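Presented below is the structure to which this report refers.
The values are calculated or read from the model by the stated rules, or taken from the named source; none is laboratory data. All values reported here derive from a predicted model rather than from experimental measurement. Positions of Cβ are generated from backbone atoms using ideal geometry, with glycine treated the same way; all protein chains shown enter the neighbour counts.
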Amino acid sequence: MFDMVNLLTGGGPGNETLLTSIDLKREAFEKWRTGYSSAYAIILFVTVFGLVSIYVKALNRVTER
């Protein structure tokens with residue numbers, strides 16, 4: 001969804017369609033806050049990985065029944 005939102009709105013008007021990936025790109029390449037954006041990316045990765053692992057475990061329990 002990053003490409004579509006970025007091309008159509010650029011995260012605007014204001015911050016109405018701002019996605020996490022657009023915010024991460026702005027922090028890294030427009031504001032040049034590379035350390036902050038790296039930490040942001042790692043936290044985002046760990047969060048998504050944790051949620052996906054919980055979801056997969058729940059799916060495995062359902063399919064085992």
Exercise. If you check every pair at least six apart or on different chains, which have Cβ atoms under 8 Å apart with a residue in segment 43-65 that is surrounded by 10 or more Cβ atoms within 10 Å (Cβ to Cβ) first and a residue that is of a type outside the set (S, T, N, Q) and assigned to a helix (DSSP H, G or I) second?
Worked result: L44/L24
For this session: Mind listing just one residue for me: the one in segment 6-40 that is among the β-branched types (V, I, T) and at pLDDT 75 or above and, of those, nearest to the chain's Cα centre (by Cα)?
Result: T20
For this session: Look at segment 1-17 and say how many of its residues are surrounded by 13 or more Cβ atoms within 10 Å (Cβ to Cβ) and not aliphatic (A, V, I, L, M).
Result: 4
Exercise. Which of the residues belonging to segment 18-41 are of a type in the set (S, T, Y) and surrounded by fewer than 15 Cβ atoms within 10 Å (Cβ to Cβ)?
Worked result: T20, T34, Y36, S38
